[in-house]
Amino acid sequence: MPAPSKLAQILQPLLTDDLGQKAELENAEGYSIELAEGLTLEISESPVGHLLLSCILPVRPTRLSDTETLSVLLQANLLGMDYPPVLTGLLPEQQQVVQWSSLPFHQLEPEVLKRLFNRFALQAEKLAAWLV
């Protein structure tokens, strides 16, 4: 069996349960995790040496022309500025919102990774619930 990729090694703290049991990841260029609300969190190495978390959030078409939507996205960005930052952006042509965060591997201590993942997932779920 080949050695785990750097990305798989970095993600290992997310795969350890409360009893200390570890799941193993197969080597891949990226991974997907299903969240509540039918959301999919994509995890990849992009650029090289950096963890990238991203999630596409669906938007009800009426929200796209609503000024309240821009206000909520601005608030989400301001609230997401805790370290590491979680950012959101509107893709009007695709009628979607993208949420992402990126950090260099060397800054991803296990607790930082867990905190980032939990904040990212919670923010994506809350924002998605409001947008649809």
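What follows draws every value from the coordinates through simple rules; no lab data is involved. Everything numeric in this text was worked out from a predicted model, so none of it was measured. Quick reminder, even Gly has a Cβ in these numbers, built from the backbone with ideal geometry, and neighbours come from all protein chains shown.
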Task: Evaluation of L78 against (1) of a type in the set (A, V, I, L, M); (2) over 28 Å from A129 (Cβ atoms); (3) exposed (fewer than 11 other Cβ atoms within 10 Å of the Cβ) (one fails), failing number - done: (2)
Open item on the list: Please verify whether E37 is surrounded by 14 or more Cβ atoms within 10 Å (Cβ to Cβ) and at positive phi, treating the condition exactly as stated.
Closed with: yes
- [ ] Would you mind telling me which numbered condition in (1) more than 29 Å from K6 (Cα to Cα); (2) surrounded by 15 or more Cβ atoms within 10 Å (Cβ to Cβ); (3) not polar (S, T, N, Q) F117 fails?
- [x] (1)
Task: Residue ID - farthest from the chain's Cα centre (by Cα), chosen from residues in the stretch 113-132 that are without any contact (Cβ under 8 Å) to a residue 12 or more places away in the chain and over 13 Å from L14 (Cβ atoms) - done: K126
- [ ] Determine whether the stretch 60-74 contains at least one residue that is buried (at least 17 other Cβ atoms within 10 Å of the Cβ), in a loop (DSSP other than H, G, I, E, B) and not aromatic (F, W, Y).
- [x] no
Open item on the list: Which condition from (1) of a type in the set (A, V, I, L, M); (2) assigned to a loop (DSSP other than H, G, I, E, B); (3) touching a residue at least 12 places away in the same chain (Cβ under 8 Å) is the one that M81 breaks?
Closed with: (3)
Open item on the list: Restricting to the stretch 86-106, name every residue that is surrounded by 13 or more Cβ atoms within 10 Å (Cβ to Cβ), more than 17 Å from L57 (Cβ to Cβ) and without any contact (Cβ under 8 Å) to a residue 60 or more places away in the chain.
Closed with: S102, L103
